[in-house]
Amino acid sequence: MYLTNREKSILDLLLNSQYLFLSLEDLSNELDVSVRTVQRELKNVEVTLERFNLFLERAINKGIRINGEIKEIKNLKNIINNTQNYELTQEDRIIIIFYRLMTNKYPLKSNNLSKELSISNTTLIQDLSYFEEILMDLPIKLIRKRGYGIELMGKERDKRMSFINLLMYRIERSQLYSIEENEFVFFNENDRVLGIMDSELVLSIEKPLKKALENLPFELTDYAKLEILLYLTLSVERINLNNCVKEEPLKEHTLNPEYKTSIAVYEHISQLISKEIPKGEINFFAEYLKGAKRLGKFDINENLDINLIAIELIDMISKQTGYQFKQDKRFMDGLISHLEPLFNRVRNGIFVFNPIKDEIREDYFLLFNTLEGILKYKFPNLIFSEDEIGFLTIHFASAIPTLKKIPKIATLVVCTNGIGASRMLSKRLLDNFPQLSIIEESSIKELSKVNIDDFDIIISTVGIYNANFDYILVNPMIKDEDKLSIERVINNKLLNATKKAKKAIDKEINLLEKVYFVESMNGTVKEILKGFDLKSISCNSLEDILNVIEEDLKDESISEDGTIKRLILEKENNIGSGIPDSELVLLHCRSTHIYKTLFRIYRNDKKIRVKGMDSNLQDVNTFLFLIANENLNKYQLDIISSISISLLEPKNIEIFLSSSKDNINSMLENILNIRYNELLSNIRGELYC
């Protein structure tokens, strides 16, 4: 149950004087407020009393008192005694105002808002001015006209995303995760802000959404799932008001899994609200899914195009900053898992709000500006907001602590997704507290699997509901108050009582596993080298080339008919295949319907136009064809990926474009030999994470 501090104080006074009448003057004197303020608050008090079948009894020249059944009065007393004091902050009131603007058909009146929020008109005016300042960073505007009311102006999709971004930022700072239930607990009756959305509507969407999301080719973070659930709840509210996302031409193929998932979700919503869902809603939600945050389970060969972009970014920034980011495999995986949804958001015009972008730019000025310049140079047709650049900067900044000396106090860092933000937080922690040893960075969802006793300190950017251990809740950028909290805890720790400085995360693999991995690598290398060929062709389009390739493979029993062509065309429609600044194309795919690994090159007698990995059209004539089965182990994938990574070297591109089959074969053997020996060394030692 939500009560303002003032409502709670009034109820306390009335309940403690249960059989006596209290005048409004008595209440105003006790609360040190005006009689008018008491009168205003009493309206909310009466609403609360109605929930317990109680009422305010009024007597002329005496005052007021609570009346009703004794058991209900006792029930109310118990609940109020267990209710936390909670006063809405200005940021909280902004979110409530925003939601009311989104869920009302007509402009809002100031008087109605001030009454609902239990604030004066002067405070409301200050809140609205602050709201306008926030919206300066967002693609919508607040309209305030005397006699007309308050409303929002802008595209429907931008209004929704602006609200969801602000709400999720508020949620990230709330005690929302329950270790006992191992999930986010969104509805907290003591939190008025988090309870503004229709809980029944949320629950009616949650189950079918969870089922539909299982069909996506990637796994979303729990934070992203919650964000999507709240977006859909808001979209239902807006559709019921006939405020729908306008239909725009699809930028991608309608057969992609995101589009199919969107259709499945909105079919359920259509039945739920007995209303046909406009096509624009389905299309936009499909785009939204492609830009959602996902877990960093990186498959290098399934994301070769993003892999190339990531490695190029790393190389360019390493040269300008001196940090060798390639040393950190976890950083590489996290970066690539961030880049794919980032590019999807940018291409589809879906913005994200980064409330700490100014602090990121100030603290990591060189990284931020270097990234900004590289992105503008490499992708002149795409617009990267400062919000997106800020989040990307976090990933690079978070890798820097790996170059520092390991300190002494065992520390666990917890964030909502455990990928980029946690490592940025680690960097700032080590900058301020060199005695810490960041042993592990965890997703909140994985926290139940962690042995808490292994750590001296647990630091989290998300509130943890019903935690049975001590932790420090901090802002990702480490504010001054956060530093004081951490400093107090550190000072209370005895250095001779700290646990191990480094948790062993590597594990020995047995002999049988080693043999299996070596044999699987041997098989993949054999398939690549034995199947390699260079062929000359004459075609007028990419589809013609794929037809020629399928005919070429017809007698080799490599895949089911039509599988390769379909998968490659889907990739072409979605993200392009041309290697930027070259006449080379990388056609690649993996599927359970492909039975072995194959690498070939097809040189066309004329140039044809294809979509590049940077979204620009380019003329090409050489097609690198690389396919493999879906179910390969990490060592096999590393072998295959060495071919795609070789495309970062200009001299290799030139060999692929113009050299003879023998020369290309020699280069291919050299590439595979180097990676093969590196992996053998890993297998002989320990299995790395």
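Taken together, the values in this text are just the output of simple stated rules run on the coordinates, not laboratory data. Bear in mind the structure is a predicted one, so any value in this text is a computation, not a measurement. All Cβ positions, glycine included, derive from the backbone under ideal geometry; neighbour counts span all protein chains shown.
Worth a mention:
- Full extension of the chain between THR89 and SER23 yields a length gain of 20.8 nm, computed as 0.36 nm times the residue separation minus the alpha carbon distance.
- Protection proxy ranking of 361-367, 341-347 - average other beta-carbon atoms within 10 Å, highest first: 341-347, 361-367
- Cleavage-rule hits (GluC sites (Glu not before Pro)) in the range 515-567: DSSP loop, at most 14 neighbouring Cβ within 10 angstrom: GLU560
- Distance in nm between pseudo-label sites at ASP198 and ILE374 (7 Å out along the Cβ direction from Cα): 4.6 nm
- Length gained when the stretch LEU272-THR122 is fully extended (0.36 nm per residue, less Cα-Cα span): 49.9 nm
- Between ILE263 and LEU366, the modelled label-to-label distance comes to 5.2 nm, taking each label 7 Å out from Cα in the direction of the beta carbon.
- Using a cut-off of 26 Å between Cα atoms, the listed pairs LYS155/LYS279; LYS141/LYS210; LYS8/LYS225; LYS210/LYS293 include LYS141/LYS210; LYS8/LYS225 as exceeding that distance.
- Packing-based ranking, highest mean first, of 132-138, 260-266, 151-157 given that Cβ atoms within 10 Å are counted: 260-266, 151-157, 132-138
- Cβ-Cβ FRET estimate between ASN81 and LYS526, R0 fixed at 56 Å, reported to 0.05: 0.15
- Given R0 = 60 Å, the distance between the Cβ atoms of ASP662 and LEU382 translates into a calculated FRET efficiency of 0.90.
- Placing +1 on the Cβ of every Lys and Arg and -1 on the Cβ of every Asp and Glu, with no other charges, gives the range 27-116 a dipole of roughly 320 debye about its Cα centre.
- Listed peptides 58-68, 563-573 appear in the order 563-573, 58-68 once ranked by packing, highest mean of other Cβ atoms within 10 Å at the front.
- For the range 511-684, the residue among ILE528, LEU586, ASN621 whose Cα projects farthest onto the positive side of the dipole built from Cβ charges is ILE528.
- Length gained on full extension, ASN215 to VAL33, computed as 0.36 nm times the residue gap minus the Cα-Cα distance: 59.8 nm.
- Taking GluC sites (Glu not before Pro) across the range 1-74, the ones in a DSSP loop with at most 11 further Cβ atoms lying within 10 angstrom of their Cβ are GLU69.
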